[in-house]
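Below is one structure, written out as structure tokens; the observations come after it.
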Amino acid sequence: MADVCAALLCLGLTAYVVMAGADFGAGFWDLTAGGARRGGPVRGLIQRSMSPVWEANHVWLIFIFTLLWTAFPVAFASAASTLYVPLTVAAIGIIFRGTAFALRGEAATIGEARVLGGLFATSSVLVPFAFGSAVGAVASGRVPVGNAAGDPITSWLSPTGVLIGLLSVATGAYLAAVFLCADAERAERPELIAAFRRRAYGSAVVAGGIALVGLLVLRADARPLFDDLTAGWGLVLVLCSAACGVATLLLLRAGRVHAARYSAAGAVAFLVAGWAVAQSPDLLPGALTIDQGAAGRATLEAALISAVLAVVILGPSLWLLFRLVLSGTLDQEYAPLDQRFRPLDPASAASGDAPPPGFDDRPEDTR
């Protein structure tokens, strides 16, 4: 039963990394879109794409923490008490990010919109970095068993912690760019398809570079994890992740942007699975295994039944939500985010607003 609970934790983590990771990545592109006028088209698509789904993705975070707390209380208490700094940063970031995203569309002035947009975008980078660095602290064996037994700062601001934090930001940006390519096609905005295709290529190169450099970091800082990732099933899953990443780029180049969503999600899912397999059977490497950290049988039974029911309810509900989104049923009308703060000439208003000056909307093959 403990192994099944651990597998469900891995499933929930994968769902959160893929779905919420793409949302956080959209915030990264919001942050780097440029000024209000130039970045308006990019931010408009991000607002349109995220509005129906962004709140739903954090359900998986609640699922993860509840199951970990119930089924593996010693591991939860040890990690939470040692890593309270990054976890608090992430919690505050999620609150401010959600508030800013909800209010930005109702801002009365461009100044208010800029402040709220900056808060949303900055939080979108801080949250995945904080969560990733916390995972890095666990993976590198810097979370011992006990109440606040590890160092609250160096445990996560370690080479492995910083590495996985940066990788979390990069993979989120990669997922978001691929997903937004498909959303731009559904919105019939060819200039944004080209813009996000370029972002997908760039973020894939950056994420791949961080992963390759990361192997050297792991070899020096977390040797047991490095050994398990470069041998056996860990290596197989890492290679599957790389293959999905290559397939995503080929699909984007061929214009199959909707199919690229699935291969991009597969690349990240295989990476999470590779880490889980490499760390198994440890919950806290060098300190606590799955069997040692498991709760009593009665508690595990109750947790397992509750977790299965949660997945049975969550799975179809989220499937229906995303089906409605991808079919266009919940789509809002597309508009650059700064459009209501500037006058439009009659020709722009009739066409749904032309790209602002400085936005390069030429087809990618003519650049």
When residues of region 117-167 are limited to those that are more than 27 Å from THR289 (Cβ to Cβ) and of a type in the set (S, T, N, Q), the one surrounded by the fewest Cβ atoms within 10 Å (Cβ to Cβ): THR122
Looking only at region 1-59, and only at residues there that are within 30 Å of ALA294 (Cα to Cα) and small (Gly, Ala, Ser), the one that is surrounded by the fewest Cβ atoms within 10 Å (Cβ to Cβ): ALA7
Residue check for ALA80: closer than 24 Å to GLY293 by Cα, in contact with a strand residue (DSSP E or B) (Cβ under 8 Å, 6 or more places away or on another chain) and buried (at least 17 other Cβ atoms within 10 Å of the Cβ): no
Any hit, region 253-274, residues being under 22 Å from VAL325 (Cα atoms), surrounded by fewer than 18 Cβ atoms within 10 Å (Cβ to Cβ) and touching a residue at least 24 places away in the same chain (Cβ under 8 Å): yes
Breaking point among (1) in contact (Cβ under 8 Å) with a residue 40 or more places away in the chain; (2) outside any helix (DSSP H, G or I); (3) more than 18 Å from ALA222 (Cβ to Cβ), for ALA107: (1)
From the options LEU192, LEU225, LEU175, LEU215, residue that is touching a residue at least 12 places away in the same chain (Cβ under 8 Å) and either surrounded by fewer than 21 Cβ atoms within 10 Å (Cβ to Cβ) or among the hydroxyl-bearing types (Ser, Thr, Tyr) (or both): LEU215
Residue that is nearest to VAL42 (Cα to Cα), among those in region 195-207 that are surrounded by fewer than 19 Cβ atoms within 10 Å (Cβ to Cβ) and not hydroxyl-bearing (Ser, Thr, Tyr): ARG198
Search result, residues across region 281-332 that are surrounded by 18 or more Cβ atoms within 10 Å (Cβ to Cβ) and part of a loop (DSSP other than H, G, I, E, B): PRO285, ALA287, ALA294, ALA295
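Read the figures in this text as sums done on the coordinates, not as results from a lab. Because the structure is a prediction, the values reported are computed rather than measured. Reconstructed Cβ throughout: ideal geometry from the backbone, glycine too, with neighbour counts over all protein chains shown.
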